[in-house]
Amino acid sequence: DPLLDRAADPGAGAFTAYHNFTYLAKQDIRAGEELFGIAQNSFFRDRNIPSNEKYGKVDKLSQFLTDMKNEEGDEVSERTFLHALAGFKSEFLPNTDEGDMMRPLLPRNRREAREISETGSAKFHLKNSRNRSEWLRSNGICLDNIREGTSTIPQAGRGAFAKRFIPKGTVVTPAPLMHIPEIEYFSFSHPEEDETERFNDIQLLFNYCFGHNQTSWMFCPTTAAMLINHSSDSVNTEIHWGADSPSSKFSYLTETKKALARQNFTQLSFDFVATKDIRPGEEIFIDYGPEWEKAWKEHVRLWQNDVQAEAEPYKPASIMNLEVDKISRNPDDYPHHSLVCRRKPFASDQIPQTPVVEEYAVSDNFFEKDLLRKLYADDRYRWWWPCKLKDIGSNSANYTVEIYKKTISKSTSNQVILTINNFPRHNIRFVDRKYTSDIHLARGFRHKIMIPDDMFPLHWRDDYKSPKQVVKEWVEPIAHPRANITEKEYVDELRKVKCGLYIAPSTIDGAGNGVYTAVDLPRADMAIGPKISANFVFVAGDAPQPWANYDWSPDQYFMEFEGTDKMPVSVLVPGIGMMSNFHPGLVNVVGRNPVVQATLDKYKDPGAGAFSDHHSCSFVNEIPLYAGDEIFISYGDEWFEDRSHLKHVPLEKNYLQGDLITAFMLSLANIKISSSSLESLLFLITHEFVSDRRTKTVLSKLNSLAEIQQIRTVRGTAAATAERRSLEWLDENGALF
């Protein structure tokens, strides 16, 4: 029952016309027992949960074991009972998924077998669900505080009304939430849409779900909370985040959206909480938010300006069934409706393959009626068939009808399987044709219910940047304003300056001198300093070599063939290769392989072997550099790890960990947490949760909010340790390189 007239009411199509859906008890249910619905066996199979079939097997086995007799016809002994059970488990329940599923369901002794044979294994394993009324009062939330009714708000359709008195602060109803990760799931294309006919391309469910403008996620209630309408003037309820699912191992409100996306069942919930006392029969309202209200008012304005009378006014099928007594043979008289006829169900193998003609008759066979009732009950899909009128009887009360095959295939949708004469009017009903009901109106209102900004988790917002994202931006090189510089322009600049490279005290404490660039290197892969020859030295024995702090592994320069296992070599690369320092978090220069070329003939030239054949070693920058930046090359982390006196020196991973912690602290500062709290938290993290000594060194430099904020300015904890020098400082403290 859609309640509204689509020609006059802007609320038409904005809510579902299907209501009063009910569940019926299939058996007696005592207070405290859990309610269970029906699911297909595939539901259980896909989740490795015992199905009704598995419980049935256990029931039959338990009944057999209970009834088992010895040769004298007496009950078998407990020993014999256990032996039979053990043999069954070992022979018929192997170590498979099915066996693992069923073994816990089996009785452990004769007493349990008797109880299972009496109550069934499903109930036996749920016996703790009975008589839990007191437990429910302490641990549950009332689910039936509200009832459905026609809303007091015009155009709203149905609403939620208090079934009993609900005190202020009480949960009106809980609402476990389906979490839908993409709003696109609510969009779809109608298969029958064309240029002449348009349909609403947003699912009606969208109107019943909650969202936020800074996320594509939607959260849809799974309880009668969906009935609660909007009223900014009469609001008496508000939403809070509810408790996590009892099956959850942790709180999803503190987890990332990625963690939530991995769950395909409800983990989050809303509690709809009364903000004032609510009397029995009073309608319950929440505030959908100013954005929703603005959108609704705009929809009403556009609707009133765009109302067009339909050529054939629409009436819902429920009204047609009440008003139309005599049915016309011409289907064009009912542009919005089709017909269905009630006829007893066919078994799947009894559906006629060629049309059959029969006379309508009411069966007097009690056993047939009883069997049909047991098999199909009032399953409407089984009893009602698509049909058309072929002829009208002389008294206009009976008809000749054609029954069509039920199918979703267009190719067989008009296949007649049965013609019935003298068919009574009361067994014919109107139903809405596909896509003609208000739900599909192209101009039907669609808008999500807004989650208040102050309750939506910050880390779920699309504009939220995780510490990893922030740190990634920090370490990403900033484009130099002169990144398009040519090689010629760069060489010309080098010729104009007093010096291109300086040796001066390093920005690293205790590292001695370092190498600095005195000109900008606006883009990566620009040559730094002159090309130079590399030399190799033999490493004799295990004693430390005097050049141990300056040499390189030979495989980095293709010189490993110069040595042997007994007499290995190492490589010395003068200039940048020997004078530049290693800062694990700020490596900005890398070496290029030398040219290996013998220039003399060892049989003729006396100078052969007197100099290195490995020449043209060069270094290039990996990121844009500015004049005054210190040059850092990588020695490899093991250079620090192999030196016990440098165990405290941070490596790249330690600076990265420091960056992540700092970015997290800055995110807290952005939501106005006090500086004293942040400083206390940083102290706690550093001394209680960080175990790596090198990471502790990184964090030891940060003791105040100002120092934390400085990390953002310089773009990282590593960058904070290296100061860019001015050319004046280099002239005063350095030497030409």
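Observations, loosely collected:
- By the beta carbon rule, with partners counted only under 4.7 Å, the chain holds these lone Cys residues: CYS142, CYS499, CYS617.
- Contact order for the chain, expressed relative to its length and based on alpha carbon pairs under 8 Å spaced 6+ residues apart, stands at 11 percent.
- Kirkwood Rh, angstrom, the stretch 136-305 [1 / mean 1/r, Cα pairs]: 17.8
- Divided by 2.2 N^0.38 Å, where N counts the residues, the Cα radius of gyration of the stretch 458-498 comes to 2.08.
- Expressed as a fraction of 2.2 N^0.38 Å, the value expected for a compact globular protein of N residues, the C-alpha radius of gyration of the stretch 625-737 is 1.25.
- From helices alone, the chain scores -7000 deg cm²/dmol at 222 nm; the rule is -39500 (n - 2.57) for each run of n ≥ 4 DSSP H residues, then divide by the residue total.
- DSSP-assigned coil residues among trypsin sites (Lys or Arg not before Pro) in the stretch 639-695, each with at most 10 further Cβ atoms within 10 Å: LYS672
- DSSP-defined antiparallel bridges as percent of all bridges, the chain, nearest 5: 90
- Placing +1 on the Cβ of every Lys and Arg and -1 on the Cβ of every Asp and Glu, with no other charges, gives the chain a dipole of roughly 1760 debye about its Cα centre.
- The calculated FRET efficiency for ILE183 paired with THR564, based on their beta-carbon distance and R0 = 60 Å, is about 0.35.
- Counting every other Cβ atom within 10 Å of each residue's Cβ, SER726, SER553 order from fewest to most as SER726, SER553.
- Restricting the trypsin sites (Lys or Arg not before Pro) of the stretch 482-569 to loop positions (DSSP other than H, G, I, E, B) with no more than 10 neighbouring Cβ atoms within 10 Å leaves LYS498, LYS566.
- Greater than 32 Å apart at Cα, pairs in LYS276/LYS297; LYS26/LYS326; LYS276/LYS465; LYS26/LYS60; LYS168/LYS297: LYS26/LYS326; LYS276/LYS465
- Distance histogram in 5 Å bins (all Cα pairs of the stretch 514-632, percent per bin): 2, 11, 18, 19, 17, 14, 9, 6, 3, 1, 0
- Mean Cα-pair separation over length for the stretch 514-632, i.e. relative contact order, pairs under 8 Å, 6 or more apart, %: 46
- The chymotrypsin sites (Phe, Trp or Tyr not before Pro) of the stretch 1-97 meeting both criteria, a DSSP state outside H, G, I, E and B (loop) and at most 13 other C-beta atoms within 10 angstrom of the site's C-beta, are TYR18, PHE21, TYR23, PHE36.
- When Rg and Dmax are taken over the Cα atoms of the stretch 41-129, they come to 13.7, 46 Å.
- Alpha carbon convex hull of the stretch 203-279, volume per residue in cubic angstrom: 139
- Of the residues LEU666, ILE485, PHE161, the one whose Cα sits farthest towards the positive end of the charge dipole of the chain is PHE161 (charges of +1 on Lys and Arg Cβ, -1 on Asp and Glu Cβ, taken about the Cα centre).
- Debye-sum result for the stretch 428-502 in log10 I(q)/I(0), which assumes one identical scatterer on each alpha carbon, at q = 0.26 Å⁻¹: -1.19
- Max-minus-min Cα coordinates of the chain on each principal axis give 127, 91, 64 Å, with the largest extent listed first.
- When only alpha carbons are used to place a centre, the stretch 254-329 and the stretch 417-496 end up 22 Å from one another.
Read-outs throughout are calculated quantities, based only on the coordinates presented, and are distinct from any laboratory measurement. Owing to the predicted nature of the structure, the values given are computational and were not obtained by experimental measurement. Virtual Cβ from ideal backbone geometry, glycine too; neighbours counted across all protein chains shown.
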